[in-house]
Each structure stands twice: as structure tokens, then as C-alpha cells.
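Enquirer: Handing you this structure, nothing more for now.
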Amino acid sequence: MRFHFKTDYDQDIRLFEDGWTFSLYAALLVLALALPLMIDPFFLGEATNVLIWAIAGLGLMLLTGQTGQVSLGHSAFMALGCYSCVLMMEANVPFVVAFLLAGVITGVVGALIAIPALKLHGVYLAIATLALAILADDIIVLLKEWTDGVNGKMSPPIDLFGYEISRWNNPIEWYYLTLAVVLMVTLFYRNLLRAPLGRAFAAVRDSEISAQAMGVNVAQTKTIAFGISCAITGLGGALMGLFAGAFNNETFNFLLSIQLLMMIVVGGLGFIHGAFLGAVVIAFLPQVLSMTTDLFGRGVAIPGLESGVFGVILILFILFEPMGLYGRWLKIRTFLELFPFARKDMFKRQKSYLKTERLR
Amino acid sequence: MEVLQLLISGLANGCVYGLIALGFVLIYKATEAVNFAQGDFMMLGAFVTLGLVNPEYAGIPFWLALPLVFVIMGVLGYLLDIVVLRAVFGQSQVAVIIVTIALGFVIRFAVGEIWGHEPQSLRSPLALGDVRIGELVLGLADIAVIIVTLIMTFLLWQFFQRTKMGLAMQAASQNQMAAYYMGIPVKRIQGMVWALAGIVAAVAGILYASKGALDPTAGFIGIKAFAAAVIGGFGSLPGALLGGLIVGVIEPFASRYLPPGWSQIAPYALLIAVLLFRPHGLFAQVRAKKV
């Protein structure tokens, strides 16, 4: 257990708590940078996949984990980010500009959609966004002239300052590109949480009424949260489409947003680490499953196995570890740090009673 | 004539949506949770019936199997509540939404493993074939579906208005703690609601399967039932049925008169329009609290 002797108010909101935490994350960064030297291109591709999922997950985490709004429609914003990025690249906009603009476009559209949608609460918001995700699928088909409908689009090679990056020829560069985006997004996210806006997010999540009482403009905060969340998810979607090589309306169907939501819950709602841990689970689960089914001699793929197993995992998490993988790690760490003084009830939640939403 | 034809088939579809929506509303009314797996419940109920009735499986006569199906689905609903949902009792709605979505995945997987993924048809006494009245071709199944649904809705409505249990369910929904104080066994009541929702889902499933082929992805029509429930105003039983009928009727007309591609959008577009302009549905249940 480390104790901090605080001599400065800034210490409370520092990016890194102390030198030790900083060195841990620095070590992690060095490890991530050195990863291509250690593993072969196949696993490097998987690592890239994990990072892309993590970016999309961070977007949803900002909305669900920090601001407390459920969205089942983030696949629509992934699609928007992806299509706008690729369309701009096809119009010979440089990649960096197209990529960032795609994020901005997605964010603005998300914020515009959020204005009416966020009048809705809890369940209604979830259903409205679910409808949005289903609509997006159909709209992509309808906008054939731009999106090529069900035939889908091939993603163009990325031209980064005159240096061409394609997934198959240079996976290492792809990995670094994704890592750079991850770093950018994570730093932005972390800093946002330290800023007044991030505090406002948490206030809205914990209690809208008390947030209002503290002078937070709830509607505005939620709209901004939705916009930023969509922008980040849009970046993730753009990377996912470019990485996949080809994509159509099916790539971004509504099951993707459910997967995204499940991913952040398994990882740990409200923690940046949670998005990454969840991404690891969701990216490697198919591999693990196919290895296990091979082991049991059922060579043919079992349809629906993946989502079935994921469903079971999710239910178990909500029942036994609602704080997710990262929450479990926090508990273990606290236990070790305080040993032998950790008590069982340290993370116990307060009992709460439900009141109807229909009377307010 | 064509309009009438479209109307009746739309109404019959709408009844199935309406019944699934009733399931949502039941659970929502009593536990303030939304069961995103209700569509999959419906599919499960249909498959359980199919497994009991069809000659290639158990081959029990339909009317004997029916109570058995209700018991199975009721017990299943009750068990789900005890094992899974009671653990998230009183937690935020996010947890409930996610748990029920996950349940849907699990049910779909289990059904696919047990009964296979091929479309199958139920030997239902409601599947009676067609009758011709002049130019009109009516599926008798469609009419039967409409009648059964009306009866179901009436019974449920009376149940909530008149019986002690129904009132207790409403009380438990409006304020859990106050309901506890009034001596209502809130937990048991919630279990009963889930059981009831399971039975309603079984009815919906049987009606759905009487109208056509059945496969494990049938549960996805639950999403349209969502639209129905929201349009009707979550929390209102007649509203859910009406919403179901609206969605059901819009679909055939949209696919007849709108260019292809636009017709699938119609129910969801309506849903979003309703959410924007009347966020609490046609039969709004939200009232300002009197202080």
C-alpha cells in the first residue's frame, strides 16, 4: 500500500497518481511498441483487432460507463464512420484528414440524433437506439449509389504521407497505426475525465437530479457525451472497415452494437481498462471456441455457439462480478495491498429499491 | 378487396407482435424491467409445443400438450426470475437490459442445438387452410389468431384490474419499497409475473407457428414487438395490442405500396417518429407526480 502525502491540489487530478503508476504505464507502452518484434504476423493481426475493438468500446464506454446512458445503436455510428472515411479516401482526401473528419462527422451526427433521443430515459433510449441500428442497415442498402448496398465496398489501401499501408503487405505498420489511434483516444478520454466535462458526466450518471442541483446542464452534457462517444466509435468503425478489407451493410448490423455493449460490461463498466480487457475477450473468444470444438472432435462449426457462450459468460458476469474483469482485478489488488486487513464487504453495493419511471 | 386482404393478414401478424408486446408490458408493469428476450421466449414456447406435438418428436395430441406447454414455460419463467433476475433485483436498468439480451442469445443457441436450425412447421389445429369468400382468400389461421389474441388481452386486462394478484403486481411495480410495507411479497410476485410472461409468450409462439414455418431466428421479431410496445406506450396492455396491430398492418401495406427497401424501414421509422413526438406512446402511462 502506497500512501500519498499531498502538498498540492493538482495531485488529486494528475494524469498518473505517482511515479510508480507512471512507470507501470510506460512499461506497458514499451511492451506495446515492442510487440511486433515478439510475435508473428498472424498474432499481430489479432492484436490489431483487439486494439480496434478497444477503440470502438472506449466510445461506448464514455456513454454507458461514464454518463450512464445505454446505447444499442453504436453499430450505426461505426458504419457511418467507416463509410464516410472510405468515401472521402476514394475522393482522394488524404488518409489522416479523411480519418479525423470521419470522426468529426460521426460525432456531429451523433450529437444531432442525441438531442431528441436523450429526452428518452433508460429503456426508451435503448429501444430508440436499437431501432436506429436496424434502420442504419436498411439505409446503407437504400443509399446504393454511395455505399454499393449489399455488394459492399473494398477498402482502399491507406496512404499515410506517401507511404502505403495495406493489411497483408505490412501488418506491422497497420499495428502501429492502430496503436497510435489508441494512444490518442485513450489520452483524450483520460484527460476528459479529469476535466469539468468528465465530472459532469459522472454526476449525470450517478444522479440526474443532484447533477442538476449542482448546476450541470443535464441535456447538454448528455448530448455532448453522445457526440464524443459517437465520434470515438466512428473512428473505431473506420479502422474496423479498413482492417477487414471489405465491408457491406451486414458488417455493421445491430448485433455488432450488442456485442460492443457486452464487451464493455465483461471488461468492466466505467473503467478505461475495461474496454481493453473486454476487447481481448471478444477478439479471442472465437479462436478459443474453435480450438475447444476441435478438441471435442466436432470439426464443423456449431452455429450460434459463439453468441451462446458469450451470453452465458455475460450472465455469469452480471450475476457474480457486475464490475467486470477490471473490477475483479481491483478487488484482488485491494486484497493484496491491504493484506491481511481486506474485508469481504469492502466492495459491497448498497441495497437499492426500484421506483417506477412512469411517475416522475 | 385487396385492401381487406392486406388488412386481415396484417392484423393477424399484428396480433402476434401484440402478444409479444404484452409480454414486455407485463414484465415492465410489474418489475420495471424490460425483457429483451421476450421474442426468444416466444420462439422457445413455439419450439416446446412443436417438440411435444409433432409426430417426429413426442407426438402428444395438441390439446393434451397445451397445458403441458403452459406449465413448462411458466416454470421456466419463474426459474429464470429466481436464478438470474433476482440477482439484478433493484440494480440499474442497464444490468437488466444486458442480462435479458444475453438470455436471448442463450435461448437461441439452446433451441438451435436441440431442434436444429432448419425451418419446421407445427402441427397446429389452428392451421386450417384457406377459405374463399368471393375474391377474398382468408387464412383461417389468421382469423383464429385474431380471436385468440382478443380473448388473451381481455383476460389479462381483467386480471390486472380486478384480481388481488394483479393489483399487487401493479403496486410492486410502482414502488417496491412501499409495496413491501403493504405486505406484498414483492419477490414472489415478480416470479409470478415472469411465469405469466412465459405463458403469454407460449401462446404467441403457438399462434406464430400456426401461421408459418418456425426456426430459431424467429425470436428477432421481438424487435418489431418492441416497436409495438413503445408505440402503444410501455406499460399499457391495450396499448401494446394496439401498437402491435399498427405495426402489423403497416407492414403489408408498406411492402405493397412503397418501393422495395423502404418497406422494412416503415415500422422502425414509425417507432422513431412516435418516440420523438409522443415519447411515452399513444397510451401514455407517465403522469406528473403530485407532491
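Here, each number is a calculation from the coordinates, and none is a lab measurement. Predicted model, so just to flag it, every value in this text is computed and none were measured. Using ideal geometry, Cβ is built from the backbone for each residue, glycine included, and neighbour counts are taken over all protein chains shown.
Enquirer: Would you mind checking region A:54-86 for residues with the amide N under 14 Å from a putative spin-label position 7 Å along Cα→C-beta of A:ALA195?
Expert: none
Enquirer: Also: Among A:ILE127, B:ILE151, A:ILE318, B:ILE221, which comes first, then next, by fewest other beta-carbon atoms within 10 Å?
Expert: On the way: A:ILE127 27, B:ILE151 11, A:ILE318 22, B:ILE221 19.
Ascending Cβ contact count within 10 Å gives the list B:ILE151, B:ILE221, A:ILE318, A:ILE127.
Enquirer: For peptide A:135-145, what's the mean number of Cβ atoms from other chains within 10 Å of each residue's Cβ? Intermediate values should be presented prior to the final figure.
Expert: Details: counts 6, 0, 2, 8, 2, 0, 4, 6, 1, 1, 0.
Per residue, the number of nearby Cβ atoms from other chains is 3 on average.
Enquirer: I would also like to ask the following. By what distance, in whole Å, do the Cα atoms of chain B stretch along each of the three principal axes, largest value first?
Expert: If we take the Cα atoms of chain B, the spans are 61, 47, 34 Å.
Enquirer: Still on this structure, please answer the following. Under the rule of at least 5 residues apart or a separate chain, name every residue whose amide H is placed under 5 Å from the amide H of A:ILE158.
Expert: A:ILE165
Enquirer: How large is ³J(HN,Hα) for each residue in region A:229-240, as worked out from phi by the Karplus curve 6.51 cos²θ - 1.76 cosθ + 1.60 (θ = phi - 60°), to whole Hz, x for Gly and Pro?
Expert: 4, 5, 4, 5, 4, x, 4, x, x, 4, 5, 5
Enquirer: Per the Cauchy relation, a quarter of the hull surface: what is the mean projected area of the convex hull of the alpha carbons in region B:173-291, in nm²? Before the final figure, lay out each step's value.
Expert: On the way: hull surface 40.2 nm².
For region B:173-291, averaging the hull's shadow over all directions gives 10.0 nm².
Enquirer: Using alpha carbon centroids, what distance separates region A:201-262 and region B:157-185, in Å?
Expert: If we compute the Cα centre of each part, the gap is 37 Å.
Enquirer: Let me have the relative contact order for chain A, percent, based on Cα pairs under 8 Å that are six or more residues apart. Walk me through the numbers before you get to the answer.
Expert: Numbers: 467 pairs, mean separation 102.5, N = 360.
Contact order relative to length: 28 percent.
Enquirer: Just checking the output field for B:176-185: average partner chain Cβ neighbours within 10 Å of each residue's Cβ?
Expert: Working: counts 5, 4, 2, 1, 1, 0, 0, 0, 0, 0.
Rounded to a whole number, the mean comes out at 1.
Enquirer: Can I ask one more? What percent of all Cα-Cα pairs in chain A falls into each 20 Å bin, going from 0 up to the bin containing the maximum distance?
Expert: Cα pair-distance distribution for chain A, in percent: 27, 59, 15, 0.
Enquirer: Here's another thing I want to ask about it. Quick one: A:SER210, A:SER257, B:SER92, fewest Cβ neighbours within 10 Å first, how do they rank?
Expert: Details: A:SER210 11, A:SER257 27, B:SER92 16.
By the 10 Å Cβ count, ascending, the order reads A:SER210, B:SER92, A:SER257.
Enquirer: Identify the chymotrypsin sites (Phe, Trp or Tyr not before Pro) of region A:116-197 meeting these criteria: DSSP loop state and at most 11 other C-beta atoms within 10 Å of the C-beta.
Expert: Details: sites: A:TYR124, A:TRP146, A:PHE161, A:TYR163, A:TRP168, A:TRP174, A:TYR175, A:TYR176, A:PHE188, A:TYR189; in loops: A:PHE161, A:TRP168.
In loop regions of region A:116-197 (DSSP not H, G, I, E or B), the sparsely surrounded chymotrypsin sites (Phe, Trp or Tyr not before Pro) are A:PHE161, A:TRP168.
Enquirer: Just checking the output field for B:257-268: average partner chain Cβ neighbours within 10 Å of each residue's Cβ?
Expert: Going residue by residue through B:257-268 and averaging, the value is 3.
Enquirer: Distances longer than 38 Å among the Cα atoms of the protein assembly as shown: what percent of all pairs is that? Spell out each step's value before the answer.
Expert: Working: 77259 of 211575 pairs.
I get 37 percent for the Cα pairs in the protein assembly as shown exceeding 38 Å.
Enquirer: Same structure, new question: Among the listed pairs B:LYS164/B:LYS187; B:LYS29/B:LYS187; A:LYS6/A:LYS348, give every one whose C-alpha distance is greater than 19 Å. Don't skip to the answer; put the middle values down first.
Expert: On the way: B:LYS164/B:LYS187 16 Å; B:LYS29/B:LYS187 14 Å; A:LYS6/A:LYS348 28 Å.
Table pairs above 19 Å Cα-Cα are A:LYS6/A:LYS348.
Enquirer: If you don't mind, another one. What are the DSSP H helices in chain B that stretch 27 Å or more along their long axis, judged by alpha-carbon atoms, and whose average Kyte-Doolittle hydropathy comes to at least 0.0? Present the calculation step by step, with values, prior to reporting the outcome.
Expert: Numbers: long enough: B:2-31 (43 Å, 1.44); B:62-83 (30 Å, 2.26); B:93-115 (33 Å, 1.93); B:140-162 (33 Å, 1.66); B:186-211 (38 Å, 1.18); B:237-257 (30 Å, 1.15).
Helix filter hits for chain B: B:2-31, B:62-83, B:93-115, B:140-162, B:186-211, B:237-257.
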